[in-house]
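Q: Below is one structure. I have some questions about it.
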Amino acid sequence: MNSLNTIRFAGRRYGIVLALIVMVVIASRQSSFLTAGNLVNISDQWTPIAVMALGMTFCLISGGFDLSVGATYALAATVSSALALHHPPLLAIVITLAIAGVIGLANGLMVTKLAINPLIATLGSSQIVGGAALLYSGGATYSVHDGLLADLGSGRIGGSFPVSAIVLAGFTLVATIVLAFSTYGQDLYATGGNNTASYISGIRTDRTRTLTYVITGLTAGVAGVLYVGRVGSGQANIGTGIELQVIAAALIGGVSLIGGQGRVWQALTGVAILAVLQNFFNQASINAYWQSIVQGCVIVAAVGFDAFSRGESLTGLRHQFARIRYNHRAGSLPEPAETP
């Protein structure tokens, strides 16, 4: 029985890795899939989404939700490219990240101090930030070919290894250490698992949750800068729908929608699955409408699997309590000692 439970647990936690392997095997039937050029292209294209998925993982673990990452991503790309035309690129990056962090802070304060539902708060801020990006740019596209930005987004080490992959590896390492070994990481899981109990136990839950939104905003800002470096331009409409890809990647990987559970590697596995899926569709020349339908089915299946797993756990607990009550009434358990 223990072996069966172990296998079931492994299936729930690592089944997504098996799914990724199966998809890679299927995609490799296309002769160009495993070529170095195609893999580097996938890395360049999906690194910004992966960076945002790391931030979204923090937000989801805390029990939150952030729909404004797409708008923040677009604003960051617009502002960084516009500033880099007339100012040092490093200054443009710093100002862009500061703006993205302020957007995340505003989201966090709306959720924690004003008690606005995260879905409504970040949907509203998404509209505000998206409008601000259009107002700032007037709908224009800023083309910039600065060396620092280009190196971050599309640079190569040794002529072939993408710099963006190193940037992603750095963020992955930091996020993993924070979640696994820091006090903040422990507080984050506790807050997402049970906010009230965490508050009573002394955890500063509002500060913990607010910081997750700041992290989410900053990662969206970094992603916007990487986008400008990759394509050489920034515009206000590039973030449309990208927030759904970010959230979907985290959920597909196994990060729980209701908080308290999730790992960095799970979010990145979700990103890899979406990347392989889209690349396979493009190479197989599958209609874009079918791509959208299949991706939607994958997302629904992932969320449904998460709900099923949790429902199964709750059912198991209910059965255990029912068994204890039955044994107690049957006299198989000792009666509690009487107080003098």
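Values quoted throughout were computed directly from the atomic coordinates according to the rules given, and no laboratory measurement underlies them. Bear in mind the structure is a predicted one, so any value in this text is a computation, not a measurement. Note that we place each Cβ from the backbone using ideal geometry, even for glycine, and neighbour counts take in every protein chain shown.
Q: How far is helix 205-231 tilted, in degrees, relative to the longest principal axis of the Cα atoms in the chain, given as a value from 0 to 90 rounded to the nearest 10?
A: The angle comes out at about 30 degrees.
Q: Once you place label points 7 Å from the Cα toward the Cβ at Arg156 and Ala36, how far apart are they in nm?
A: 0.8 nm
Q: Same structure again: Stokes-Einstein D for the chain at 20 °C, 1.002 mPa s, Kirkwood Rh over Cα pairs, in µm²/s?
A: On the way: Rh = 21.6 Å.
D, rounded to a whole number, is 99 µm²/s.
Q: Kindly provide the pair-distance distribution of the stretch 44-102 built from C-alpha pairs, with 5 Å bins from 0 and whole-percent values in order of increasing distance.
A: Reading the bins upward from 0: 4, 17, 22, 24, 18, 9, 4, 2, 0.
Q: Continuing with this model, one more query. What number, in percent, do you get for the relative contact order of the chain if the mean sequence gap of Cα pairs under 8 Å and at least 6 apart is divided by its residue count?
A: Values: 512 pairs, mean separation 103.8, N = 340.
Dividing the mean separation by the residue count of the chain yields 31 percent.
Q: What percent of all Cα-Cα pairs in the stretch 26-184 falls in each 5 Å bin, counting up from 0?
A: 1, 8, 13, 16, 18, 16, 12, 8, 4, 1, 0
Q: So for the pair Gln127, Arg204, with labels modelled 7 Å out along Cα→Cβ, what separation do we get in nm?
A: About 3.3 nm, to one decimal.
Q: Starting from the exponent 0.38 and prefactor 2.2 Å, build the expected Rg for the stretch 108-251 from its residue count and divide its actual Cα Rg by it.
A: With N residues counted in the stretch 108-251, Rg over 2.2 N^0.38 Å equals 1.25.
Q: Let me ask you something else. Quick one: divide the alpha-carbon radius of gyration of the stretch 114-181 by 2.2 N^0.38 Å and tell me what you get. Walk me through the numbers on the way to the answer.
A: Numbers: Rg = 18.2 Å, N = 68, 2.2 N^0.38 = 10.9 Å.
Ratio of Cα Rg to 2.2 N^0.38 Å: 1.67.
Q: Compute the helix-to-body angle for 118-137: its Cα long axis versus the longest principal axis of the chain, expressed 0 to 90° and rounded to tens.
A: Once rounded, the angle reads 0 degrees.
Q: If we sort 166-175, 91-100, 271-280, 67-76 on the protection proxy, mean other Cβ atoms within 10 Å, highest first, what's the order?
A: Values: 166-175: 16.0, 91-100: 19.5, 271-280: 21.2, 67-76: 29.2.
By packing density, highest mean first, the sequence is 67-76, 271-280, 91-100, 166-175.
Q: Kindly give the semi-axes, whole Å and largest first, of the ellipsoid equivalent to the stretch 1-120, taking each as the square root of 5 times a Cα gyration tensor eigenvalue. All intermediate terms of the calculation are to be shown ahead of the outcome.
A: Working: eigenvalues 249, 145, 20 Å².
Semi-axes, largest first: 35, 27, 10 Å.
Q: Now, a different point. Helix-only mean residue ellipticity at 222 nm, the chain, DSSP H runs n ≥ 4 weighted -39,500 (n - 2.57), per residue, nearest 500. What is it? Mind dumping the intermediate values first?
A: On the way: 13 runs with 257 residues, N = 340.
My calculation for the chain gives -26000 deg cm²/dmol from helical runs alone.
Q: Working out 0.36 nm times the residue gap between Ala284 and Val24, then minus their Cα-Cα distance, what length gain in nm do you get to one decimal? Present the calculation step by step, with values, prior to reporting the outcome.
A: Details: separation 260, 0.36 × 260 = 93.60 nm, distance 1.40 nm.
Separation in residues times 0.36 nm, less the Cα-Cα distance, equals 92.2 nm.
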